[in-house]
Amino acid sequence: MQPAPLRLKKDQERRLLAGHCWIYSNEVDTAATPLKDLTPGQPVEVFSQRGRWLGHGYANPHSLICARLVSRRRARPLGSALLVTRIRAALELRERLYERPFYR
């Protein structure tokens, strides 16, 4: 599934630029990006109102938190490679911190 563009309203990128990863539905420019056209879990590319690329994420148009950033690097889109890399990193950290494996 190709990522859809998700355009924010004017000056709504401040939280993302400060490190937050959630995008609230009231921050989205629904004239440019109708939330009703997105499907839950659909990959999105997040843009500021001026067209600045902000990151890769996924959408949930039925929630107050309508999108979540998963990558701030354009070369690392949401996909199996990104998920495998993050799971491996988490497993390596867990194996360093605990003698026995503990899983949830």
First select every other residue whose beta carbon is under 12 angstrom from the beta carbon of residue 12; then total the charges, Lys and Arg +1, Asp and Glu -1. +3
Would you calculate a helix-derived [θ] at 222 nm for the chain, using -39,500 (n - 2.57) for each DSSP H run of n ≥ 4 and dividing by the full residue count, to the nearest 500? -6500 deg cm²/dmol
If Lys and Arg each add +1 and Asp and Glu each add -1, what is the summed charge of the other residues whose beta carbon sits under 12 Å from the beta carbon of residue 56? +4
Give me the angle, in degrees from 0 to 90, between the Cα long axis of helix 80-97 and the longest principal axis of the Cα atoms of the chain, rounded to the nearest 10. 40 degrees
Evaluate the charge dipole of the chain about its Cα centre and quote only its size in Debye, nearest 20, assuming +1 on the Cβ of each Lys and Arg and -1 on the Cβ of each Asp and Glu. 260 debye
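Coordinate-derived values only; no laboratory data. Everything quoted here is computed from the prediction, not taken from an experiment. Quick reminder, even Gly has a Cβ in these numbers, built from the backbone with ideal geometry, and neighbours come from all protein chains shown.
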